[in-house]
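Derivation of every value follows stated rules applied to the coordinates shown; laboratory data play no part. Note that this is a predicted model, so its numbers are computed, not measured. Cβ coordinates were reconstructed from backbone atoms using ideal geometry, including for glycine residues, and neighbour counts include every protein chain displayed.
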Amino acid sequence: MPHDGWHPDDHHDHHHHHGPPTRRTVLGAAALLPFGAASAQTVDAAQRIADAAGRFLGTLDDGQRRKALIAFDCGNRLDWHYVPRSRPGLGMGEMHTGQAAGARALFATVLNERGLQLLDGVRLLEAVLRESQGSFRDPDGYYVAIFGLPGRFPWGWRFEGHHLSLNVTLPATGHVAVTPFFAGANPATVRDGTHRGFRLLGPAEDIARELMAGLTETQKRTAIISQRSFGEIVASPQRERDLGQPRGLELAALDSAQRTLVEALMDGFLGTLAPDLAAAQKRRVTDQGFAALRFAWAGSLTPGEAHYFRVHGPATVIEYDNTQNGANHVHSVWRDLVADFGNDALADHYRRQPHR
């Protein structure tokens, strides 16, 4: 196994593989930036993201640009969701090949190759659903919305459709927020057809089951917070307060091998980011005190039956629920309870530069 743990000063990309996340060593206690601080890497990332957004907008005609550009202070910026519904922005199906390539180049400023494959996988499953359920399932029904003007803080963008919501906010110099980040998989395991056996979010379930299987009975009793799965992620839109205080098994009670599994679990989201943004987000997790995070499980431990698990700390929450459609339909989300939509830096920005 590669020995490439979450080192806060490590900005190299260790994610050249395309399979499940590799194991991670335990988070090192290195000198950390202040909570939420900017770094040279995030300043560079902000420039890269703005440049790509500008190039994408430059490929659009006036009508398309009007669809894609939305005021930053519009309430829609916070109105994220993952259900099939109409959405503002410019749909992938409305773009010609060059424009779609420009959109993908924008995504690639935030995501690494594995992250891009996650987006592709969600849309692939939408095509699988289209074959069985009809044309209202649309792999081109995913929309790019740009809030504000690229490079003029605050601004941001979203890529969203059924089972996908990636929200990127640049509230001020050197700050890049990438949450809420939602990915779903229906079917969780494709059971027939060309893509039979495809499990887009399967690696996370496998890692969580390995973790649970290795716990002592005492640890397991603490980790299991409900005998029934919740049927949905708890931190769905506007419901994050329903999480309450972190529950389950504190990571301080795990040995190093068990903690490595939790890191691999979190890497399902954090490991999809471009190297500099991944490093910044891993610092953010470390700043909270990695050992204080809690792992929780709800529902059955029998494969194929409804289950739910999460990692939850002072700011970070990553959830995974597989209950619907006979436990073959996953909802998974990464939220930052302090900095979703860049809220922490945005509040500071508005205090310093009042907007009328």
Exercise. So which trypsin sites (Lys or Arg not before Pro) in segment 139-239 end up in coil per DSSP with only 10 or fewer other C-beta atoms within 10 Å?
Worked result: Arg152, Arg196
Seminar exercise, completed: Whole-Å distance linking the alpha carbon centroid of segment 242-271 with that of segment 44-105 is 34
Problem set entry | Pairwise centroid distance, computed over Cα atoms, of segment 148-221 with segment 123-143, Å | 19
Seminar exercise, completed: Once both label points are put 7 Å beyond Cα along the C-beta direction, the Lys67-Ala40 separation in nm becomes 4.2
Seminar exercise, completed: Expressed as a whole-number percentage, the relative contact order of segment 202-342 with C-alpha contacts under 8 angstrom and at least six residues apart is 28
Problem set entry | Loop trypsin sites (Lys or Arg not before Pro), segment 49-134 (other Cβ atoms within 10 Å of the site Cβ: 15 or fewer; DSSP) | Arg85
For this session: Output the relative contact order of segment 40-188, whole-number percent, from Cα pairs under 8 angstrom with separation of 6+ residues.
Result: 31
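What full-extension length gain, to one decimal in nm, is calculated for Glu232 and Ser300 as 0.36 nm per residue of separation minus the Cα-Cα distance? Display every interim value, and only then the final one.
Numbers: separation 68, 0.36 × 68 = 24.48 nm, distance 1.47 nm.
Extending this stretch completely gives an extra 23.0 nm.
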For this session: Provide the percentage of antiparallel DSSP beta bridges, counting only those with both residues in the chain; round to the nearest 5.
Result: 90
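For Thr173 and Leu149 in the same chain, what is the full-extension length gain: residue separation times 0.36 nm, less their Cα-Cα distance, in nm? Don't skip to the answer; put the middle values down first.
Numbers: separation 24, 0.36 × 24 = 8.64 nm, distance 1.41 nm.
Residue separation times 0.36 nm, minus the Cα-Cα distance, leaves 7.2 nm.
Could you size up the charge dipole of the chain around its Cα centre, putting +1 on the beta carbon of Lys and Arg and -1 on that of Asp and Glu, and report it in debye to the nearest 20? All intermediate terms of the calculation are to be shown ahead of the outcome.
Working: 37 positive and 39 negative charges, 115 e Å.
So the magnitude is around 560 debye.
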Exercise. Anyone know which of His195, His312, His329 comes out most mobile in the 10 Å Cα GNM of the chain?
Worked result: His195
Exercise. What do you get when you divide the Cα radius of gyration of segment 262-323 by 2.2 N^0.38 Å, with N the number of residues?
Worked result: 1.24
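Do you know the relative contact order of the chain, to the nearest whole percent, from alpha carbon pairs under 8 angstrom that are 6+ apart?
On the way: 685 pairs, mean separation 76.5, N = 356.
Once normalised by length, the contact order is 21 percent.
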Exercise. By its C-alpha gyration tensor, with a ≥ b ≥ c as the square roots of the eigenvalues, how is segment 286-356 shaped: rounded for a/c under 1.5, else prolate for a/b larger than b/c, else oblate?
Worked result: oblate
Exercise. What fraction of the DSSP beta bridges in segment 40-188 is antiparallel, stated in percent and rounded to the nearest 5?
Worked result: 90
Exercise. If the chain between Val338 and Asp79 were fully stretched, how many nm would it gain, using 0.36 nm times the residue separation less the Cα-Cα distance?
Worked result: 91.5 nm
For this session: For segment 109-192, give the magnitude of the charge dipole about the Cα centre (Cβ charges: +1 Lys/Arg, -1 Asp/Glu; no others), in debye to the nearest 20.
Result: 240
For this session: Have a look at Pro203, Ser256, Gln281 and report the one farthest towards the positive end of the charge dipole of the chain, computed about the Cα centre with Cβ charges (Lys/Arg +1, Asp/Glu -1).
Result: Gln281
Problem set entry | Overall Cα dimensions of the chain, principal axis frame, Å, largest first | 62, 52, 37
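Looking only at Cα atoms, what is the convex hull volume of segment 141-247 per residue, in Å³? Please report the intermediate quantities before stating the final value.
On the way: hull volume 19.3 nm³, N = 107.
Looking at segment 141-247, the number lands at 181 Å³ per residue.
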Seminar exercise, completed: Toy charge model, Lys and Arg Cβ at +1, Asp and Glu Cβ at -1: segment 194-298 dipole around Cα centroid in debye, rounded to 20, equals 220
Seminar exercise, completed: Computed D for segment 202-342, Stokes-Einstein, Kirkwood radius over alpha-carbon pairs, 25 °C, 0.890 mPa s, to the nearest µm² per second, is 162
For this session: Go ahead and set up a Gaussian network model of the chain, Cα springs under 10 Å, then flag whichever of Gly299, Gly214, Gly148 fluctuates most.
Result: Gly214
